[in-house]
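J.: Attaching a single structure in structure tokens format; questions to follow.
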Amino acid sequence: MKIKTKLALGVGFLFVLIIVMSAIGAIYITTLKTDTENILISNYNSLEFSRNMLRAIDDTTKTSQLEFEKNLNGQLHNISEIGEQELTDTLHTSYQIYSTQQHASHLKTRIRNSIFEIMDMNMQAIQRKSEQAKSTANTAVIWILVSGTLCFLMAFTLLVNLPSNIANPIQTITKSIQQIATKNYSERVHFESHSEFGDLAKSFNSMASKLEEYNNSNLAKLMIEKKRIETLINNMVDPVIGLDEENTILFANEEALQVTGLKLTQLIGLNINDVAQKNDLIRSLIKDINVYETPQKTTTAQPLKIFCNGKDGYFEKEIVNISILPTGEQEKKRIGRVIILRNVTAYKELDFAKTNFIATVSHEFKTPISSIKMSIQLLQNHNIGSLNEEQHKLVDSIYDDANRLLKFTGELLNMTQIENGHILLAITSCNPKDIIDYAVQTTKTQAEQKQIKLTVSLPQALPLIHADAEKTAWVLTNLLSNAIRYSPPQSSVLISCTNDNNDLQIHIKDHGIGIAKEYHTRIFERYFRVPGGVNEGTGLGLAISKEFIEAQGGQIKLESEIGSGSTFTVSLKI
Ligand code: ADP
């Protein structure tokens with residue numbers, strides 16, 4: 001039953017009880033009133049008439065006679081009891097006779113007797129009717145007591161049941177809501193389905209089952225996973241910034257905030273291009289962001305130097321493009337990118353220590369090796385005494401080794417300069433012919449030992465180049481030395497020049513073993529040597545050459561095929 005109906009019935013029932021009580025009261029009061037009225041109007045009047053007639057009969061005056069007749073007439077019209085009519089008629093007849101025979105005393109007695117009989121009859125009626133009124137009053141009291149008790153019982157039952165009927169379901173629902181609030185989504189309420197609470201219970205149960213479904217669904221798991229990943233990112237030691245496909249910043253971890261010196265509110269939800277306008281580091285991070293459109297992951301060659309936590313730190317920028325394959329689609333879609341700054345400070349510090357150590361050692365080696373070389377040259381000189389053939393061979397071999405050692409320490413020193421980023425250049429306008437002649441002169445003996453013909457083919461007029469003569473000479477010497485080393489004896493090496501409006505190209509072409517295509521870029525890496533080649537060498541020469549030439553704004557290129565020799569081309573600014 002609906003609560004509204006229950007309340008309406010409860011209040012309505014009380015209303016009916018009030019009406020019933022009032023009706024019972026009204027009925028009995030009316031009955032009592034009728035009974036009293038009967039006594040008053042009929043019997044009391046008859047007694048009054050009779051008393052007046054008795055008083056008047058003894059008086060013989062004309063007034064008394066009229067008085068008697070007036071009361072007799074009243075009595076004739078006030079008949080209320082059975083037998084009263086006959087008695088009154090007898091009185092009337094007796095009076096009529098008495099009024100003609102004034103002195104008939106027996107008639108007077110009869111009249112008096114009739115009046116007494118009427119009085120007696122009415123007295124008895126009064127007594128009977130008062131008994132009746134008394135009984136009516138008693139019945140009224142009983143009925144009112146009974147109905148009052150019944151009403152009280154019903155009202156009490158209503159009072160006890162109705163509030164609990166309404167309050168109990170509210171309490172149950174409140175408890176269930178508290179259970180839901182503590183994530184107990186299996187909680188349900190059960191009410192009879194006809195009341196408003198039934199509807200409320202149905203809605204509550206449906207809400208609880210949806211919450212339970214949601215809690216068990218992938219969405220809830222995804223939310224937990226999202227939180228897990230967020231925590232993971234926040235606990236990463238490397239700064240991380242996440243962008244969506246529109247370059248809006250989605251997240252940035254604590255480390256990223258530290259290195260950028262920005263607050264979370266200054267990053268999250270903003271476009272990184274807008275942030276870059278106010279922050280130098282962000283600007284350098286996104287400088288080439290769009291260049292990294294295609295590859296999935298790109299790392300910068302040179303680490304960024306960032307001042308953070310009171311000291312210089314070194315960070316390798318890595319941009320990871322995040323792509324997904326949308327359900328039912330063939331092509332991947334980019335949904336954003338993540339900028340990671342790998343903290344390589346520790347490695348960089350170790351690297352610095354290593355470079356410094358190599359620089360010191362190479363530097364310290366250079367002087368003694370040079371003096372060994374000079375001493376050997378003295379030994380080779382016949383002026384200080386002659387050597388026998390065997391001693392001569394030994395001294396020559398020591399001399400070659402000292403040369404190699406000197407070249408190696410020289411290369412190591414150059415490498416340390418490059419690694420420290422301290423390539424000291426002395427750029428001047430210089431004649432390329434002089435540089436080429438120097439390189440040819442330096443490698444002449446080496447070529448002669450292998451009977452390799454060095455041919456220099458230069459145009460009549462060569463433009464001056466904008467270069468560091470010493471470094472360029474070093475590079476050309478290295479390239480010529482390689483060309484001789486990796487060529488078979490009695491072959492030839494050609495040095496030639498071409499130029500356009502801006503650049504002069506120096507070509508060093510040999511007919512040696514050649515280099516496979518797959519190694520064309522790798523041979524310019526530090527310490528890389530083509531596998532299966534000759535044993536001697538450090539793998540540093542080409543790496544240093546590339547750094548030296550590029551530092552001067554030039555380029556070094558290679559054209560080569562296995563078995564067809566190699567051509568190294570050095571381009572320098574005119
Ligand atoms: P290395 O001291 O080993 O010569 P380089 O950096 O000068 O170091 O050369 C790197 C590698 O490139 C060499 O080990 C060799 O395998 C290859 N290379 C260099 N020049 C030539 C060339 N002219 N012909 C064939 N291979 C060469």
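Here's the yes/no breakdown for (1) under 27 Å from Q417 (Cα atoms); (2) among the small types (G, A, S); (3) part of a strand (DSSP E or B); (4) at pLDDT below 90:
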position	(1), (2), (3), (4)
E255	no, no, no, no
N290	no, no, no, yes
G328	no, yes, no, yes
I340	no, no, yes, no
L350	yes, no, no, no
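J.: Assigned to a strand (DSSP E or B), aliphatic (A, V, I, L, M) and under 16 Å from Q555 (Cα atoms) - does that describe any residue in segment 479-486?
T.: Checked against the condition, which is being assigned to a strand (DSSP E or B), aliphatic (A, V, I, L, M) and under 16 Å from Q555 (Cα atoms), segment 479-486 yields no hits at all.
Quick grid of which residues meet (1) surrounded by 14 or more Cβ atoms within 10 Å (Cβ to Cβ); (2) part of a helix (DSSP H, G or I); (3) among the polar types (S, T, N, Q):
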{"residue": "K33", "(1), (2), (3)": "no, yes, no"}
{"residue": "S42", "(1), (2), (3)": "yes, yes, yes"}
{"residue": "S46", "(1), (2), (3)": "yes, yes, yes"}
{"residue": "M53", "(1), (2), (3)": "yes, yes, no"}
{"residue": "T60", "(1), (2), (3)": "no, no, yes"}
{"residue": "L107", "(1), (2), (3)": "yes, yes, no"}
{"residue": "I118", "(1), (2), (3)": "yes, yes, no"}
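J.: If you take the residues of segment 464-487 that are aliphatic (A, V, I, L, M) and under 60 Å from the mean Cα position of the chain (by Cα), which of them is farthest from the ligand (Cβ to nearest atom)?
T.: Among those that are aliphatic (A, V, I, L, M) and under 60 Å from the mean Cα position of the chain (by Cα), it is A467.
J.: Only residues in segment 472-489 that are closer than 17 Å to N414 by Cβ count as the first member; pair them with residues that are aromatic (F, W, Y) and crowded, with 22+ Cβ neighbours inside 10 Å, Cβ under 6 angstrom, at least 6 apart or cross-chain, and list the lot.
T.: Pairs that qualify, where the first residue is closer than 17 Å to N414 by Cβ and the partner is aromatic (F, W, Y) and crowded, with 22+ Cβ neighbours inside 10 Å, are V475/F548; L479/F568.
J.: Still on this structure: Of all residues being part of a helix (DSSP H, G or I), more than 6 Å from the ligand (Cβ to nearest atom) and free of Cβ contacts under 8 Å to residues at least 40 places away in the same chain in segment 493-548, which is surrounded by the fewest Cβ atoms within 10 Å (Cβ to Cβ)? Just the residue, please.
T.: Here the answer is E518.
J.: Taking segment 215-262, which residues are under 18 Å from V275 (Cβ atoms) and either of a type in the set (S, T, N, Q) or within 13 Å of the chain's Cα centre (by Cα) (or both)?
T.: N247, T248, L250, F251, N253, Q258, T260
J.: Six or more apart or on different chains, Cβ under 6 Å: which pairs go from a residue in segment 560-571 that's in a strand (DSSP E or B) to one that's acidic (D, E) and buried (at least 16 other Cβ atoms within 10 Å of the Cβ)? Could you list them?
T.: Filtered contacts from segment 560-571: S566/D510; S571/D503.
J.: Return the residues of segment 559-574 that are touching a His at 6+ places or on another chain (Cβ under 6 Å) and surrounded by fewer than 16 Cβ atoms within 10 Å (Cβ to Cβ); say none if nothing qualifies.
T.: K573
J.: Check whether at least one residue in segment 434-443 is in contact with a Phe, Trp or Tyr (Cβ under 9 Å, 6 or more places away or on another chain) and modelled with pLDDT of 90 or more, and report yes or no.
T.: yes
J.: For segment 79-133, how many residues are over 25 Å from L32 (Cα atoms), without any contact (Cβ under 8 Å) to a residue 12 or more places away in the chain and not hydrophobic (A, V, I, L, M, F, W, C)?
T.: 12
J.: Suppose the filter is outside any helix (DSSP H, G or I), modelled with pLDDT of 90 or more and either in contact with a Gly (Cβ under 9 Å, 6 or more places away or on another chain) or exposed (fewer than 15 other Cβ atoms within 10 Å of the Cβ) (or both); does I335 pass it?
T.: no
J.: Next question, about the same structure. Being of a type in the set (S, T, N, Q), surrounded by 15 or more Cβ atoms within 10 Å (Cβ to Cβ) and at pLDDT below 90 narrows it down to one residue among N381, N388, N420, N414; which is it?
T.: Going through N381, N388, N420, N414 in turn, just one is of a type in the set (S, T, N, Q), surrounded by 15 or more Cβ atoms within 10 Å (Cβ to Cβ) and at pLDDT below 90: N414.
J.: Kindly list the number of the only condition in (1) within 16 Å of the ligand (Cβ to nearest atom); (2) touching a strand residue (DSSP E or B) at 6+ places or on another chain (Cβ under 7 Å) that fails for V456.
T.: Only one criterion in (1) within 16 Å of the ligand (Cβ to nearest atom); (2) touching a strand residue (DSSP E or B) at 6+ places or on another chain (Cβ under 7 Å) is unmet by V456, namely (1).
The values are calculated or read from the model by the stated rules, or taken from the named source; none is laboratory data. Because the structure is predicted, anything quoted here is derived from the model rather than measured. Cβ sites come from the backbone with ideal geometry, for glycine too, and all protein chains shown count toward neighbours.
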